[in-house]
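Structure record follows, encoded as structure tokens.
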């Protein structure tokens, strides 16, 4: 998304530091990631402000990002599409949190179903970034650790009466379970197309 401006900044830094090509690429990667992260943070806060629900969206993202990092799931083809999907996801999450209050039965069922799906399916790799056997085991273990920690937080919040906060965490877990299913479906479709092409 920020390739042109990142290149210019990286070139200036590389020239001022008399850096080699390898260092320039490192600068380029770091700058692009930093700008993308800054855009995502600003976008999240703006959406939160528009809905009058800043802490809710921050809590949702705080629960979603660590799990997403290790679980994987469906990914967009381009950074631009990824950004658009992220914005739509954030708006959708805010609408659900604002206008829907699940009963305990729905809450519990959604949690159990989502947690089981994540425990069984993760990690779901992207075809452009396949995982080897060791990475698969490591990501699975980290997913379990993060999910366990979030489970404790979720139920402590719920039992203390902070049901909206607990719902934010639950929604992050539920959304991620859907992302894993979509990722598996996408991978299956891509493999089927490759077989047909060959």
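The values are calculated or read from the model by the stated rules, or taken from the named source; none is laboratory data. A quick note: this is a predicted structure, and the numbers were derived from the prediction, not measured. No Cβ is skipped: glycine too gets one built from the backbone with ideal geometry, and neighbour counts run over all protein chains shown.
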**Study point:** Single condition residue 127 does not satisfy, out of (1) closer than 17 Å to residue 74 by Cα; (2) loosely packed, with under 13 Cβ neighbours inside 10 Å; (3) out of contact with any helix residue (DSSP H, G or I) (no Cβ under 9 Å at 6 or more places or on another chain)
**Key:** (3)
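For residue 45, indicate whether it is farther than 16 Å from residue 124 by Cβ, in a helix (DSSP H, G or I) and within 13 Å of the chain's Cα centre (by Cα). Write out each step before concluding.
Working: farther than 16 Å from residue 124 by Cβ: yes; in a helix (DSSP H, G or I): yes; within 13 Å of the chain's Cα centre (by Cα): no.
Spelling it out, it is not the case that residue 45 is farther than 16 Å from residue 124 by Cβ, in a helix (DSSP H, G or I) and within 13 Å of the chain's Cα centre (by Cα).
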**Study point:** Set 124, 96: member being in contact with a strand residue (DSSP E or B) (Cβ under 7 Å, 6 or more places away or on another chain) and in contact (Cβ under 8 Å) with a residue 12 or more places away in the chain
**Key:** 124
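For the condition in contact with a strand residue (DSSP E or B) (Cβ under 6 Å, 6 or more places away or on another chain), within 25 Å of residue 107 (Cα to Cα), assigned by TED's automatic domain parsing to the domain that holds residue 71 and part of a helix (DSSP H, G or I), what is the one hit in 171, 157, 180?
180
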Point to revise | Close pairs (7 angstrom Cβ cut-off, 6 or more residues apart or separate chains): over 14 Å from residue 121 (Cα atoms) in segment 176-198, surrounded by 11 or more Cβ atoms within 10 Å (Cβ to Cβ) and at pLDDT below 85 anywhere | key: 190/127
Check your understanding: Within the group 166, 149, 115, 110, which residue is closer than 16 Å to residue 72 by Cα, modelled with pLDDT of 95 or more and in contact with a helix residue (DSSP H, G or I) (Cβ under 9 Å, 6 or more places away or on another chain)?
Key -> 115
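Regarding residue 120, is this residue within 25 Å of residue 164 (Cα to Cα), assigned by TED's automatic domain parsing to the domain that holds residue 188 and more than 16 Å from the chain's Cα centre (by Cα)? Talk me through it step by step, then tell me what you get.
Details: within 25 Å of residue 164 (Cα to Cα): no; assigned by TED's automatic domain parsing to the domain that holds residue 188: yes; more than 16 Å from the chain's Cα centre (by Cα): yes.
No: the conditions fail for residue 120.
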